[in-house]
Amino acid sequence: MLDAARDCVLAVGVRRTTLTDVARRAGVSRMTIYRRWPDVSTLVADLMTREWAGVVAPVAPPADGGPVRPRAVEALVAGVAALREHPLFLKILEVDPEILLPYLLQRRGTSQDAMLRAFEKTLRAGHRDGTIRAGNPARQARAVLLIVQSFAMSGHIVTDGGPALSPEDFDEELRQILERYLAP
């Protein structure tokens, strides 16, 4: 059903997607959808959580005991780049950006809480191996979230493809910010 919702949102945007459309596309009854999701907003919130979780997964600390900071920085930069190219994210930014406003101005969403947990785990591992400066991991994780969220959400408005203004150039700027923020 989430795949059907994704297809509907990609086709017409969030505002024009109905639970009836999702049910039709999923090949189930409307009541099947309504049993799990009372409205499109709840369904889209679950869809965004699922989609963004794949972007967060690579931020986990390395299992082989290698240095945490360089890998964490690269994973964060890669995550922002992946989100910047994610079809659902792009569609929401293009057609229904107001869907994202509550998560920027009013409250954290499930995806952001998952990101914070992953960031904190990584920061603690970096504290242990000495590659990330000592500090409160919850506060540091929130600062990292603010940094990467701003690059992901607003990066498209500052990149115009001109000299040194490409998304890849700003990936390098993000890399420098994170490196310097996290370095001991």
Scan region 73-113 for residues that are more than 24 Å from Pro167 (Cβ to Cβ) and in a helix (DSSP H, G or I) and jot them down. Pro102, Leu105, Thr110, Asp113
Pairs where the first residue, in region 102-114, is without any contact (Cβ under 8 Å) to a residue 12 or more places away in the chain and the second is part of a loop (DSSP other than H, G, I, E, B), C-beta under 6 Å, 6+ apart: Tyr103/Gly109
Restricting region 102-123 to residues that are over 14 Å from the mean Cα position of the chain (by Cα) and not charged (D, E, K, R), the one nearest to Ala57 (Cα to Cα) turns out to be Thr122
For region 13-40 the number of residues that are surrounded by fewer than 16 Cβ atoms within 10 Å (Cβ to Cβ) and touching a residue at least 40 places away in the same chain (Cβ under 8 Å) is 2
Determine, yes or no, whether Arg69 is among the basic types (Lys, Arg), surrounded by 15 or more Cβ atoms within 10 Å (Cβ to Cβ), more than 30 Å from Lys121 (Cβ to Cβ) and touching a helix residue (DSSP H, G or I) at 6+ places or on another chain (Cβ under 7 Å). no
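Any idea how many residues of region 83-103 are surrounded by 14 or more Cβ atoms within 10 Å (Cβ to Cβ) and out of contact with any Pro (no Cβ under 8 Å at 6 or more places or on another chain)? Steps first, please.
Let us first name the residues in region 83-103 that are surrounded by 14 or more Cβ atoms within 10 Å (Cβ to Cβ), namely 83-84, 86, 88-93, 95-96, 99-100, 103.
So of that shortlist, the ones also out of contact with any Pro (no Cβ under 8 Å at 6 or more places or on another chain) come out as 83, 86, 88-93, 95-96, 99-100, 103.
Residues in region 83-103 being surrounded by 14 or more Cβ atoms within 10 Å (Cβ to Cβ) and out of contact with any Pro (no Cβ under 8 Å at 6 or more places or on another chain): 13 in total.
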Among the residues of region 143-168 satisfying the criterion of being among the aliphatic types (A, V, I, L, M) and assigned to a loop (DSSP other than H, G, I, E, B), which is surrounded by the fewest Cβ atoms within 10 Å (Cβ to Cβ)? Ala164
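Does Val73 qualify as being of a type in the set (Val, Ile, Thr), in contact (Cβ under 8 Å) with a residue 40 or more places away in the chain and touching a Leu at 6+ places or on another chain (Cβ under 7 Å)?
Working: of a type in the set (Val, Ile, Thr): yes; in contact (Cβ under 8 Å) with a residue 40 or more places away in the chain: yes; touching a Leu at 6+ places or on another chain (Cβ under 7 Å): yes.
When the stated conditions are applied, Val73 passes them.
All of the numbers you see were taken from the coordinates with simple rules; none came from a lab. Small disclaimer: the values here were computed from a predicted structure and weren't measured. Positions of Cβ are generated from backbone atoms using ideal geometry, with glycine treated the same way; all protein chains shown enter the neighbour counts.
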